[in-house]
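A quick write-up on the structure given underneath.
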Amino acid sequence: MRIIIGSDHGGFELKESIKQSLSKDMKIEFYDVGTFNSESADYPTFGSMVAQKVQRGEFERGILVCGTGIGMSIVANRFPNIRAALCHDTYTARMSREHNDSNILIIGGRVTGKDVAMEIVKVWFTSEFQGGRHQRRLEKIADIEKAICDSQSTRPAEK
Ligand code: RB5
């Protein structure tokens, strides 16, 4: 599996630690969209790059880190077919895979310690979607997305 990773300055340090763990411990290849230092940077820039490439199928999954994880969640979940999960512990990481088939993992670099973050990443990669009733719920989300898209494309221009 090849994944894509990104952060703003608030998540930069944790992103670098995650990258080390991905390559050394987990042998997972990744593409880093930045940011590449701790200077102030805007989370929508990096969140949208990662979400768009996962949405288009260029990468199977993504990881995003900002200060709290909230900004990245808001950005990533605006993209159709993106199920971005902000996880603070291994339980939510596992559930986000098993029940929600999350395709982007989000962690807050200023609220989650490094060791916990590494455990979250490992659990997220080793947990599998369970399908069944959960698949039905994902299909409902896809229906909602489609209805919103359809209504926007047919709505007369607002004055
Ligand atoms: C940057 O200061 C901070 O706002 C950002 O990293 C993130 O926490 C936004 O949700």
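Worth a mention:
- One residue from 78, 97, 83, 136 being closer than 30 Å to residue 149 by Cα, of a type in the set (Lys, Arg) and within 16 Å of the ligand (Cβ to nearest atom): 78
- Scan of the stretch 119-133 for residues that are assigned to a helix (DSSP H, G or I) and more than 19 Å from the chain's Cα centre (by Cα), ordered by number: 133
- For the stretch 3-55, a tally of residues being basic (Lys, Arg), within 14 Å of the chain's Cα centre (by Cα) and farther than 15 Å from residue 67 by Cβ returns 1.
- Across the stretch 24-37, the number of residues qualifying as farther than 12 Å from residue 5 by Cα and either within 16 Å of the ligand (Cβ to nearest atom) or in a helix (DSSP H, G or I) (or both) comes to 2.
- Annotation: residue 40 fulfils all but one of (1) surrounded by fewer than 20 Cβ atoms within 10 Å (Cβ to Cβ); (2) within 14 Å of the ligand (Cβ to nearest atom); (3) not in a loop (DSSP other than H, G, I, E, B); the unmet one is (3).
- If only residues of the stretch 1-31 that are closer than 19 Å to residue 124 by Cβ and aromatic (Phe, Trp, Tyr) are counted, the one that is least open to solvent (accessible area, probe 1.4 Å) is 30.
- Any hit, the stretch 44-58, residues being at positive phi and within 12 Å of the ligand (Cβ to nearest atom): no
- Residues of the stretch 71-115 that are in contact with a His (Cβ under 8 Å, 6 or more places away or on another chain) and in a helix (DSSP H, G or I): 98 alone.
- Taking the stretch 111-124 as the range and being closer than 13 Å to residue 92 by Cα, touching a residue at least 60 places away in the same chain (Cβ under 8 Å) and open to solvent by 20 Å² or more (accessible area, probe 1.4 Å) as the test, only 122 passes.
- Selected residue [more than 30 Å from residue 140 (Cβ to Cβ) and either touching a strand residue (DSSP E or B) at 6+ places or on another chain (Cβ under 8 Å) or open to solvent by 40 Å² or more (accessible area, probe 1.4 Å) (or both)] from 69, 108, 57, 34: 34
The values are calculated or read from the model by the stated rules, or taken from the named source; none is laboratory data. Here the structure is a predicted model, which is why all the values come from computation and not from measurement. Please note: Cβ atoms are built from the backbone with ideal geometry, for glycine as well, and neighbour counts cover all protein chains shown. These accessible areas exclude ligands, DNA and RNA; they are computed on the full protein's heavy atoms, side chains included. Shrake-Rupley method; radii C 1.70, N 1.55, O 1.52, S 1.80 Å.
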